[in-house]
1. With R73, R92 as the choices, which residue is in the same structural domain as P160 (by the TED database), open to solvent by 40 Å² or more (accessible area, probe 1.4 Å) and farther than 25 Å from G220 by Cβ?
2. Exactly one condition in (1) in contact (Cβ under 8 Å) with a residue 60 or more places away in the chain; (2) open to solvent by less than 10 Å² (accessible area, probe 1.4 Å); (3) not β-branched (V, I, T) is false for R253; which is it?
3. Using beta carbons and a limit of 9 Å, which pairs, at least six apart or on different chains, have the first residue in region 83-107 and in contact (Cβ under 8 Å) with a residue 24 or more places away in the chain and of a type in the set (S, T, N, Q) and the second one crowded, with 17+ Cβ neighbours inside 10 Å and outside any helix (DSSP H, G or I)?
4. For L289, state whether it is in contact with a strand residue (DSSP E or B) (Cβ under 9 Å, 6 or more places away or on another chain), modelled with pLDDT of 95 or more and part of a helix (DSSP H, G or I).
5. From (1) open to solvent by less than 30 Å² (accessible area, probe 1.4 Å); (2) among the hydrophobic types (A, V, I, L, M, F, W, C); (3) modelled with pLDDT under 95, pick out the condition that doesn't hold for L166.
6. So which residues in region 179-232 are in contact (Cβ under 8 Å) with a residue 40 or more places away in the chain, open to solvent by less than 70 Å² (accessible area, probe 1.4 Å) and aliphatic (A, V, I, L, M)?
7. Filter region 294-321 down to the residues that are within 27 Å of the chain's Cα centre (by Cα), within 23 Å of Y371 (Cβ to Cβ) and in a helix (DSSP H, G or I) and list them by number.
8. Would you say A97 is touching a helix residue (DSSP H, G or I) at 6+ places or on another chain (Cβ under 6 Å), aliphatic (A, V, I, L, M), surrounded by fewer than 20 Cβ atoms within 10 Å (Cβ to Cβ) and over 22 Å from F223 (Cα atoms)?
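The values are calculated or read from the model by the stated rules, or taken from the named source; none is laboratory data. Keep in mind the model is a prediction, meaning the values are calculated, not measured. FYI the Cβ positions are ideal-geometry reconstructions off the backbone, even for glycines, and counts take in every protein chain you see. All accessible areas refer to the heavy atoms of the entire protein, side chains included, with ligands and DNA or RNA removed. Shrake-Rupley method; radii C 1.70, N 1.55, O 1.52, S 1.80 Å.
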Amino acid sequence: MRQTRPYPRMIVTKKAARSLRTGHPWVFAGEVIRMEPSGTDGRTAANGDVVDVFEENGTWQGAGLLSLGSKIRARIVSHNANDRLDQAFWARRAQWAWGLRKTTMGGRSLPGCEPDTNCCRMIFSEADGFPGLIVDRYEDVLVAQVGTVGMERLKPTIYPLLVQTLLADGQEVRGIYERNDSPVRAKDGLGLEKGWYDLSGSMVALPTPDSTRIRAHENGMAFDLDIENSQKTGFFLDQKYNRRAVRGIAAGRRVLDCFCHVGAFGLNAAAGGAAGVRCVDVSEAALDLAATNSRLNGLGERMSFTCADVLEYLPRLIRDKRLLSAEGGPFDLIVLDPPAFTKSRSTVRHAAKGYLEINQAAMRLLPRGGYLATCSCSHFMTRDLLARAVAEAAHSANVQLKQVQELQQAPDHPILWGVPETHYLDFFIFQVV
């Protein structure tokens with residue numbers, strides 16, 4: 001590189017450079033050989049700063065954000081040496097991200113229903129070039145999670161740009177609510193907090209909303225969401241089209257929705273004409289919202305709710321036929337949407353056993369000709385590992401599976417090739433034969 005750039009420099013190993021050239025944006029602490037000051041003003045790098053990353057032979061590999069307290073020491077945001085990571089740069093990124101959602105989801109809404117972009121993930125961290133930032137849109141409210149010190153420092157620039165991008169497209173925005181209560185923030189030395197972000201003094205100058213309860217719509221149904229206290233940002237938007245797929249096979253069937261959270265799969269099944277839906281979750285608060293959502297959509301009479309640990313509940317149904325009948329069974333369609341059983345590579349084997357057990361139990365409960373919708377939401381539990389666990393479960397349950405559909409996360413959670421961490425959701429629908 002001949003031009004002089006204003007950023008401090010990070011010199012990395014050949015191994016790190018090879019990984020960066022494949023498109024993976026992370027430099028790990030053990031791959032950093034040394035840090036050097038800026039070539040223009042002698043400035044040394046502070047936590048969260050932009051740094052230029054060079055291989056030891058002097059080859060520029062990209063510009064990234066420094067995280068001094070994290071094992072991921074730098075996260076690359078640009079491979080273009082002409083980029084300046086200024087407001088215009090982040091504005092382009094915001095426009096590209098919103099443009100992707102409009103392109104991939106803008107024409108897919110159900111007839112007579114709200115646009116699918118009304119509720120979607122607007123920013124998906126590294127996949128959209130905002131490492132450590134998640135932003136979900138629920139109608140006119142954005143819910144953000146910041147996980148890195150670089151994004152924490154940049155959010156006064158980025159947040160107004162996201163709002164401005166939507167407003168320029170004719171969308172309504174009331175505010176941004178931060179759910180910065182994830183323990184992952186501690187890895188970057190960041191505190192835990194949640195609340196409305198003050199935009200009153202920014203370029204968009206929005207007043208602070210007064211409620212964290214939101215009426216959101218998906219697939220033509222209304223959901224009462226509590227963005228302050230629900231899991232993640234309030235709703236699992238990545239399953240939007242997978243829920244629609246379940247809706248398409250639910251007519252006339254008795255449905256068991258396991259790990260139901262606020263009832264989204266169950267509601268879609270009921271809207272698709274299910275004869276009855278039993279929703280099961282270990283969280284009383286989630287079930288209260290699920291019941292509220294069933295009534296909100298005029299589906300309360302066809303939906304019922306059980307507070308239980310699914311890992312214990314399914315075996316009880318197998319053992320106790322009277323309980324199975326009391327719960328609305330036998331069931332013709334079972335949905336398994338568990339939380340991530342593993343969040344590290346070291347626990348994958350244990351997690352695979354958990355997926356095997358719940359799928360085997362579901363298969364034993366289903367009659368021949370029944371349907372199973374099952375998934376994993378951990379990138380460590382890869383598609384092939386999930387498929388292997390499901391196949392072993394079928395063998396143990398003495399059934400055969402006929403694949404109906406194989407799906408993934410919705411396109412507002414884009415998969416960035418070369419970055420396996422962005423591919424985390426795999427979803428199958430089978431008929432048990």
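1. On the way: R73 fails: in the same structural domain as P160 (by the TED database).
Every option except R92 fails the conditions.
2. (2)
3. Note: pairs meeting the criteria are T104/A410; T104/P411; T104/D412; T104/P414.
4. Values: in contact with a strand residue (DSSP E or B) (Cβ under 9 Å, 6 or more places away or on another chain): yes; modelled with pLDDT of 95 or more: no; part of a helix (DSSP H, G or I): yes.
Answer is no for this residue.
5. (3)
6. Result: L190, L199, V204, L206, I214, A216, M221, A222, L225, I227.
7. Hits for region 294-321 are S294, V310, L311, Y313, L314.
8. Numbers: touching a helix residue (DSSP H, G or I) at 6+ places or on another chain (Cβ under 6 Å): yes; aliphatic (A, V, I, L, M): yes; surrounded by fewer than 20 Cβ atoms within 10 Å (Cβ to Cβ): no; over 22 Å from F223 (Cα atoms): yes.
No, not satisfied.
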